[in-house]
Amino acid sequence: MKSQITIKKIQELLIKGVQTIYVDDDTSRRMWWASLEVIQKDFLPQNYKQGGIWVASPLPAFNDKKFLNQLHGWLWSPEGFPYFQNENAGFLPVNNSEKIKKDFDLVSNYKVLNLSQEDGYEPFLMIITPNFQCVLSIVGEKDKKILLMKCDEESLKLSIELMHAKLNQENYEEGVKFRNAINNLGNLNINNQFEKLFWPILSAKLANITPNHNIHNSVKNDVNNVQITEAKLLRAISHEVRTPLATIRTLISSTLKKYKMDESMRNRLIQIDNECNEQIDRFGLIFNAAELVGNELPSLNNLAKINLAEIFKKLAPLWNKQLNRRGISLKIDIPKQLPQILSDSEKLELMLRGLIDKNTRGLKEGSTLILELRPAGQKLKLQLKVQKLDNNQKEILKKDNGSDIGPVLNWNPQTGSLQLSQNATQKLLASLGGHVTQRRDTGLTVFFPISDSKSNDN
């Protein structure tokens with residue numbers, strides 16, 4: 001009888017002959033998150049459109065919809081895994097992409113399989129595309145961890161064969177799908193330069209997210225450098241906060257599916273899940289804004305034609321839930337047949353939710369938020385207005401009187417809320433093709449450039 005193939009056994013085979021440089025648990029966790037970011041930002045965007053496969057454990061390693069939708073995946077995930085009692089919990093990959101996000105129409109293009117105790121709980125990721133391939137994992141004992149990255153032909157071949165065998169032993173049908181998916185990729189172009197590029201980029205990434213305790217001594221006379229350093233720390237913090245929130249959402253989803261409970265308990269768990277999701281998006285918005293600090297001119301290379309009216313219709317149920325919890329109603333005023341705009345749909349969805357949250361914190365229960373969308377020359381104009389319960393007249397949203405704390409955040413003592421600063425809001429909207437104004441007579445208005453179909457289709 002053949003011995004069972006486990007994730008742990010694959011990791012042990014791959015680490016043979018690797019020079020062991022041990023790091024502590026916290027360092028390995030930072031290295032894993034930074035590695036995922038490097039792969040998703042610096043390598044995959046140029047290599048995912050031709051298709052490919054990914055295999056991960058114990059949670060999805062990707063947090064970008066386009067990768068999850070384009071690449072075919074297999075995920076070994078623990079059922080009823082005791083996250084809070086297990087010392088490995090902190091080393092699970094970032095999971096900002098659950099199996100189903102109905103509100104966002106996310107297609108989950110991966111098969112979920114049960115992770116056994118023999119597989120272990122150390123994070124593992126294998127990516128195979130025609131022009132980019134790598135195996136990434138954390139291996140080792142407590143406080144003696146190793147970041148393992150393999151991209152050579154021999155290791156890739158071994159990983160593919162072992163994964164195929166593991167799938168065959170657990171789910172033969174999925175094993176056939178895996179083999180067919182690999183064969184459909186044709187001859188793989190092994191990039192021998194990837195390893196030479198990966199480690200320097202990772203080192204730079206880690207250096208950027210490492211707190212600098214000598215800020216005041218080294219750059220006390222350089223305000224811009226201080227702001228950039230603060231923004232780097234803020235990115236790291238937002239990364240840290242989103243991870244446990246995502247874990248809580250995963251646990252809630254598992255609990256709702258696995259256990260019977262009364263309606264009040266179910267509703268309470270759903271409420272907690274909604275609040276966690278709001279905070280994940282909120283910190284995602286902060287992360288995006290912090291990335292722009294130090295850039296004089298935002299890049300507009302990623303903008304594409306999108307239908308803003310359709311986005312409003314899709315997100316309206318989510319916004320309604322968000323506002324109803326505070327006793328605020330939502331009214332959307334959109335005419336038919338509006339032109340398309342140029343923007344980034346995913347980041348814009350986060351931005352719109354952030355604007356709604358920021359500008360309704362001080363509203364009284366019973367108020368109605370009105371989102372009005374109108375053409376305005378070569379632009380599309382979005383106005384946020386308020387209608388009070390005892391008055392049918394539309395009122396102008398009051399200008400935020402909070403105080404900026406650093407280059408990204410603003411603190412409003414009246415509402416007790418921490419939001420994006422005005423400068424960060426303007427900069428983030430500019431990177432999405434928009435422009436925001438707030439005046440006494442018109443309130444909060446956002447302009448988006450209309451896509452010129454003739455010029456853009458050439």
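The values are calculated or read from the model by the stated rules, or taken from the named source; none is laboratory data. A quick note: this is a predicted structure, and the numbers were derived from the prediction, not measured. FYI the Cβ positions are ideal-geometry reconstructions off the backbone, even for glycines, and counts take in every protein chain you see.
Provide a single number: the residues in the stretch 45-57 that are surrounded by 23 or more Cβ atoms within 10 Å (Cβ to Cβ) and not in a strand (DSSP E or B).
The number of residues fulfilling the criteria is 1.
Can you find, within the stretch 169-188, the residue that is surrounded by the fewest Cβ atoms within 10 Å (Cβ to Cβ) among those that are in contact (Cβ under 8 Å) with a residue 40 or more places away in the chain and within 17 Å of I5 (Cβ to Cβ)?
Only one residue fits best here, namely Q169.
Can you name the number of the only condition in (1) assigned to a helix (DSSP H, G or I); (2) in contact (Cβ under 8 Å) with a residue 24 or more places away in the chain; (3) surrounded by fewer than 17 Cβ atoms within 10 Å (Cβ to Cβ) that K257 fails?
Every condition holds for K257 apart from (2).
In the set S108, S137, S159, S97, which member is assigned to a loop (DSSP other than H, G, I, E, B) and either buried (at least 18 other Cβ atoms within 10 Å of the Cβ) or at pLDDT 80 or above (or both)?
It is S97.
Going through K166, K205 one at a time, which residue ends up being surrounded by 15 or more Cβ atoms within 10 Å (Cβ to Cβ), at pLDDT below 85, basic (K, R) and in a helix (DSSP H, G or I)?
After ruling out the rest, the residue left standing is K205.
Residues that are touching a Gly at 6+ places or on another chain (Cβ under 6 Å) and either more than 25 Å from V38 (Cα to Cα) or not assigned by TED's automatic domain parsing to the domain that holds R30 (or both): does the stretch 124-135 have at least one?
no
Tell me, please, whether a residue that is hydroxyl-bearing (S, T, Y), loosely packed, with under 14 Cβ neighbours inside 10 Å and either in the same structural domain as H164 (by TED's automatic domain parsing) or within 28 Å of R242 (Cα to Cα) (or both) can be found in the stretch 12-33.
Within the stretch 12-33, one or more residues are hydroxyl-bearing (S, T, Y), loosely packed, with under 14 Cβ neighbours inside 10 Å and either in the same structural domain as H164 (by TED's automatic domain parsing) or within 28 Å of R242 (Cα to Cα) (or both).
Evaluate the following for S159: is it in contact (Cβ under 8 Å) with a residue 60 or more places away in the chain and assigned by TED's automatic domain parsing to the domain that holds S116?
Against the criterion (in contact (Cβ under 8 Å) with a residue 60 or more places away in the chain and assigned by TED's automatic domain parsing to the domain that holds S116), S159 qualifies.
Looking for something at pLDDT 80 or above and closer than 30 Å to Q387 by Cα - is there at least one such residue anywhere in the stretch 293-306?
Checking the stretch 293-306: at least one residue is at pLDDT 80 or above and closer than 30 Å to Q387 by Cα.
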